[in-house]
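Following: one structure in C-alpha cells, then a few remarks.
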Amino acid sequence: MSRDLIFAPVLLQVLMTLGVYVLLIKRKIRSIRAGTVNVERRALYDDAWPADVIQINNNLRNQFELPVLFYALCGVLWALDAVSVVALVAAWLFVASRLVHVWIHCTSNYVPNRRRAFTVGWWILVAMTLLAGWELLR
C-alpha cells in the first residue's frame, strides 16, 4: 500500500474547508444585499453580521482547530512510513466526523449533536497520536 494514500482524506478535509469559505461568502453577500449587516462595524466586529453569517464564520474557525492537528498527524505518519490500513481508516473516520460536524454546525447547529461529532473526531485524533507515537518509539 502506498503511504501517499494518507493524503486523500487530507485533500477532502481541505476541500471541505474551502466549501465552508464558499458558504460564508454567499451568506455575507446575501446579508450585504439585504442590508442586515452593520457596514461600519463589519471589518472588525463579528457581531456586525447577522446570526446566520456568524454561525458559518464560527464553523470556519473550527476548521483551524482539530483539523490542523489532523494535518500534522497525517504528515508525521507519512514521514515515519507508518501509513497502515488502521491509519487510513482512522483518517477517513476523522474526516467523516468533520463532515458531520460541518453539516450540523451550518444547518441546525444543535449543540449536543455537534458536540458528539466533535468528540468522535477528537478520540480519533487521540488514537492517531498514539499510533504515531508507537511508530516513533518502535
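The values are calculated or read from the model by the stated rules, or taken from the named source; none is laboratory data. Everything numeric in this text was worked out from a predicted model, so none of it was measured. Please note: Cβ atoms are built from the backbone with ideal geometry, for glycine as well, and neighbour counts cover all protein chains shown.
Going by the structure shown, is residue 77 at pLDDT 95 or above, buried (at least 16 other Cβ atoms within 10 Å of the Cβ) and part of a helix (DSSP H, G or I)? Let's see the steps before the verdict.
Working: at pLDDT 95 or above: yes; buried (at least 16 other Cβ atoms within 10 Å of the Cβ): yes; part of a helix (DSSP H, G or I): yes.
Here the answer is yes, as residue 77 does meet what is asked.
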Q | Within the range 89-113, considering residues that are among the aromatic types (Phe, Trp, Tyr) and farther than 12 Å from residue 20 by Cα, the one surrounded by the most Cβ atoms within 10 Å (Cβ to Cβ) | A | 94
Q: State which residue is surrounded by the most Cβ atoms within 10 Å (Cβ to Cβ) when the search covers only the range 35-63 and only residues that are without any contact (Cβ under 8 Å) to a residue 12 or more places away in the chain and closer than 28 Å to residue 119 by Cα.
A: 54
(Q) Exactly one of these conditions fails for residue 130: (1) in a helix (DSSP H, G or I); (2) under 30 Å from residue 26 (Cβ atoms); (3) over 14 Å from the mean Cα position of the chain (by Cα). Give me its number. (A) (2)
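So which of 11, 24, 18 ends up being at pLDDT 95 or above, under 15 Å from residue 92 (Cβ atoms) and in a helix (DSSP H, G or I)?
Exactly one residue qualifies, and that residue is 11.
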Q) Somewhere in the range 25-34, is a residue crowded, with 16+ Cβ neighbours inside 10 Å and of a type in the set (A, V, I, L, M, F, W, C)? A) no
Q: Considering each of 67, 9 in turn, give the residue that is of a type outside the set (A, V, I, L, M, F, W, C), closer than 24 Å to residue 102 by Cβ and in contact with a Lys or Arg (Cβ under 9 Å, 6 or more places away or on another chain).
A: 67
Q. Which residues, counting only those in the range 27-43, are among the charged types (D, E, K, R) and outside any helix (DSSP H, G or I)?
A. 40, 41, 42
